[in-house]
Ligand code: FAD
Ligand code: UQ1
């Protein structure tokens, strides 16, 4: 992992004095002020000697997206998940309230939607992933109306709750797409919460619930997948795999699925399912400004999975959901990635020909809410698929304590630590609990 440039045409003014914000040149330019962008900006503010930092982010509000699941289940309102972006941008850092319109990395420059050009010494790309509404025929017009809902969207998740309450009987379908999505547990969390609600309201007996998934198992990590499979079977949820939603026919109340082969290619076979309630998890992809740039490979930003350095430009790093790091797209992963990127950006600016100190190890976590106040806290190494649990008990068992952590603890960690550059994941707690875990698992 060397700092030596792989592109000879690249000259970085590493030791130039820090530029002022008015000159539209910055030592470090962060594109995207979401989970990754803000947590990195805050870390850089906390470090000495990295120089000036600017952020490009168009949205006035920042949302803690993991709570959208609970908004969809009526536990809270969406406004309770948000803060003003201006309150999160670290003091002294320039905020460009617009979008990146073009990456011109060969010239160390990005063009903004307002026409201005901003130069940088180091660029960090943290643009996230967005819903690809057009991938499923009919979805764009259907979503948010007539019992077709999704938790994937600030302006959508409250409608999920509206229709969960209105639904009284019939077939309820919950889908999971074949490709990459944010928090791959979220599509089924809302299913368990809806099932729980309908049972408590007395309409469960008149309801058939179908899980229609584009992947092979209930979850990507074996122990959690087995636990969730048991939950589905206990609650009478029909499980279907390798079925990928491709079309919604609103008038006919039909959802069309392609049947996938083991290698994920589609068979010519299409299946039609009638529905009365449909929760869709749309396919997702990085914004087109990134996918059409030379930073991408197969639709995602091409980076080294440990250092997060671009494979194309040495002074560019990727962070969060938009990269091709083979991890689970979660805020939990982003917390660890941000620590690695901050260390490597600093090393890039201050050292020459030294190896990068920061390395992302594949940690990811997904609190799998599986009932009104029950949660399995999945924690794992996404690079090798093994569990990597923090607490000294079996986390594949649903627990109220883990639900309380999800509902109250993690939002506090997010706003008060992660957004201030002070949270790099639960590793210190895992280490602390290790002796206890050994004792408890022996007995
Ligand atoms: P984001 O936080 O999405 O930020 C990307 C930013 O880029 C946005 O602010 C956007 O406005 C900006 N942007 C986009 N285009 C441009 C442009 N052209 N120019 C400039 N800026 C641009 N994670 C967990 O850890 N646990 C969970 O339980 C969990 N549950 C989830 C449930 C749901 C329903 C959802 C939607 C997500 C969930 N997540 C969860 C995932 C988590 O929120 C994301 O993984 C995390 O926010 C990714 O951070 P990011 O910085 O990569 O992207
Ligand atoms: C986490 O670190 C994190 O970031 C703040 C999340 O929110 C985005 C999470 O959902 C989870 C589960 C973690 C992991 C933290 C602990 C305490 C296990």
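The values are calculated or read from the model by the stated rules, or taken from the named source; none is laboratory data. Note that the structure is predicted; figures quoted are calculated from it, not measured. In this analysis, Cβ positions are derived from the backbone assuming ideal geometry, glycine residues included, and neighbour counts consider all displayed protein chains.
Numbers at a glance
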{"read-out": "Count - residues of segment 422-443 that are closer than 30 Å to residue 90 by Cα and either in a loop (DSSP other than H, G, I, E, B) or at pLDDT below 90 (or both)", "value": "5"}
{"read-out": "Breaking point among (1) farther than 25 Å from residue 156 by Cα; (2) in a loop (DSSP other than H, G, I, E, B); (3) touching a residue at least 12 places away in the same chain (Cβ under 8 Å), for residue 281", "value": "(1)"}
{"read-out": "Counted residues, segment 218-251 - those being farther than 22 Å from residue 265 by Cβ and touching a residue at least 40 places away in the same chain (Cβ under 8 Å)", "value": "14"}
{"read-out": "Every residue from segment 183-222 that is surrounded by fewer than 17 Cβ atoms within 10 Å (Cβ to Cβ) and closer than 30 Å to residue 335 by Cα", "value": "216, 217, 222"}
{"read-out": "Residue that is nearest to residue 195 (Cα to Cα) [pool: residues in segment 349-364 that are outside any loop (DSSP other than H, G, I, E, B) and either within 16 Å of ligand 1 (Cβ to nearest atom) or at pLDDT 95 or above (or both)]", "value": "364"}
{"read-out": "Residue check for residue 349: in contact (Cβ under 8 Å) with a residue 40 or more places away in the chain and under 27 Å from residue 40 (Cα atoms)", "value": "yes"}
{"read-out": "Residues being over 16 Å from residue 183 (Cα atoms) and surrounded by fewer than 24 Cβ atoms within 10 Å (Cβ to Cβ) - total across segment 317-342", "value": "2"}
{"read-out": "Candidates 410, 405 - the one that is in contact with a helix residue (DSSP H, G or I) (Cβ under 8 Å, 6 or more places away or on another chain), within 10 Å of ligand 2 (Cβ to nearest atom) and not in a loop (DSSP other than H, G, I, E, B)", "value": "410"}
{"read-out": "Among the residues listed as 392, 367, the single one being more than 19 Å from the chain's Cα centre (by Cα) and either away from ligand 1 (no atom under 12 Å from the Cβ) or touching a residue at least 24 places away in the same chain (Cβ under 8 Å) (or both)", "value": "392"}
